[in-house]
Amino acid sequence: MRVRRSVIAASALILSLSLAPRALADPTAEDRAAADVLFREGRALVKQGSHALGCSKLVASQKLDPMAGTLLALADCYELNGETASAWATFNDAEAMARRAGDRPRSKEAGRRASLLEPRLSRLVIEVAPEARVEGLEVRRNAKPLDAAMFGSAIPVDPGEHTIEVVAPGKKAWSTEVVVEPKPGKRTVHVPLLEDAPAPRREARVPAAASAAPAASSWSAQRTVGLVLGGVSLAGIAVGAVFGVETLSKMSEARNQHGCTNDDPPRCGAGGVKLHQDANTTANISNVAFAAGGAALITGLVVFLTAPSSEAAPSTALEVRLGPPAELGTAGLSLRGSF
């Protein structure tokens, strides 16, 4: 008894699962209403000669509410639009659907129309030689991949222009355009052996010894700048010392020979005043030289100690200029550089 009940329960479960997808796929009342409107509009457009737009309406109607009658109308539209392969396949679909539904009149009519259309089909043959069938080969017709089983078969296609593309790993892609005439017969396309694609370019690797050369050069350049600045600082200090000694000499002469005092301004004769003014000028030059020399010394140390070991050193421009006093009592000294 338990076994029998288990069998009945399992059978009921299998039956419910097999019927569930069909129930979910059944169109709703709204779907059927929309499909009816699209069907009427599509038929009207076909009668007006707008075959392409009429076919699109019928396709939408069939998706919402699949019917053998809609397929018959769609196949007729395809045939009027010159899409003979699509029309033939749709007539066959309509015949099968009507036969399953027990609709003998529509099944018979669809079969008759398919039989009349078959001798008028245009066919396309894509030949791929065995040596051309490399690993990973893919042949596409109008961007759709073809199964290898279709190679060499006369496949019905709609008349018009078709694009054949062939690709494979490590090979150059190949493509061609073929025009299929709207008449019985077949058109053959021969796929050639694909050429090898060029090898990818590889970047040359620089040996470690060679790559170290620019680093050494950049390090040496910056350190050289630091040494130059050190030399400039010594020159500035030397200039400051020379003018400092001259200043002391002039001040001593003004006091000893002309009796000048240390007051500001000093009290002394005309000759002493002139010596005192010259001493002020040399003192200014000495101060500026010492300041510039000190700045160059600090900068040179920073540049020398921070020299990079791998990055390229920036271009360096260095200029040192000592200017004589433009007028009495003034002095100038400039130090300019870029690192």
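The values are calculated or read from the model by the stated rules, or taken from the named source; none is laboratory data. Here the structure is a predicted model, which means the values were calculated and not measured. When we count neighbours, we look across all protein chains shown, and the Cβ atoms used for this are built from the backbone with ideal geometry, even at glycine. Surface areas here come from the heavy atoms of the whole protein model, side chains and all, with no ligands, DNA or RNA. Shrake-Rupley method; radii C 1.70, N 1.55, O 1.52, S 1.80 Å.
Here are a few things to note about the model shown:
- Residues that are touching a Ser or Thr at 6+ places or on another chain (Cβ under 8 Å) and surrounded by 14 or more Cβ atoms within 10 Å (Cβ to Cβ), drawn from the stretch 141-177: ARG141, PRO156, VAL157, ASP158, PRO159, ILE164, GLU165, VAL166
- Filtered residues of the stretch 112-137 (kept if of a type in the set (Gly, Ala, Ser) and surrounded by 17 or more Cβ atoms within 10 Å (Cβ to Cβ)): ALA114, SER122, ALA132
- Filtered residues of the stretch 36-88 (kept if of a type in the set (Gly, Ala, Ser) and either under 26 Å from ALA154 (Cβ atoms) or under 45 Å from the mean Cα position of the chain (by Cα) (or both)): GLY42, SER50, ALA52, GLY54, SER56, ALA60, SER61, ALA75, GLY82, ALA85, SER86, ALA87
- Residue pairs meeting the criteria (Cβ under 9 Å; at least 6 apart or on separate chains; first under 23 Å from PRO182 (Cβ atoms), in the stretch 155-169; second β-branched (Val, Ile, Thr) and open to solvent by 40 Å² or more (accessible area, probe 1.4 Å)): PRO159/VAL179; GLY160/VAL179; GLU161/VAL179; HIS162/VAL179; THR163/THR176; ILE164/THR176
- Of the residues making up the stretch 95-107, those that are among the basic types (Lys, Arg) and free of Cβ contacts under 8 Å to residues at least 24 places away in the same chain are ARG99, ARG100, ARG104.
- Of all residues in the stretch 151-190, those being farther than 30 Å from THR90 by Cα and among the β-branched types (Val, Ile, Thr) number 1.
- Considering residues of the stretch 170-189 that are in a loop (DSSP other than H, G, I, E, B) and touching a residue at least 24 places away in the same chain (Cβ under 8 Å) only, the residue farthest from SER122 (Cα to Cα): GLY170
- Cβ pairs under 7 Å, 6+ apart, first in the stretch 82-94 and closer than 13 Å to GLY160 by Cα, second open to solvent by less than 10 Å² (accessible area, probe 1.4 Å) and in a loop (DSSP other than H, G, I, E, B): THR84/LEU121; ALA85/LEU121
- Filter result for ARG120 (over 46 Å from the mean Cα position of the chain (by Cα) and either in contact (Cβ under 8 Å) with a residue 40 or more places away in the chain or farther than 24 Å from GLY42 by Cβ (or both)): yes
- Residue check, VAL225 surrounded by 11 or more Cβ atoms within 10 Å (Cβ to Cβ) and modelled with pLDDT of 95 or more: no
- Within the option set ALA210, ALA204, being open to solvent by less than 70 Å² (accessible area, probe 1.4 Å) and at pLDDT below 95 holds for one residue only, ALA210.
- So GLY69, is it over 20 Å from VAL189 (Cα atoms) and open to solvent by less than 40 Å² (accessible area, probe 1.4 Å): yes
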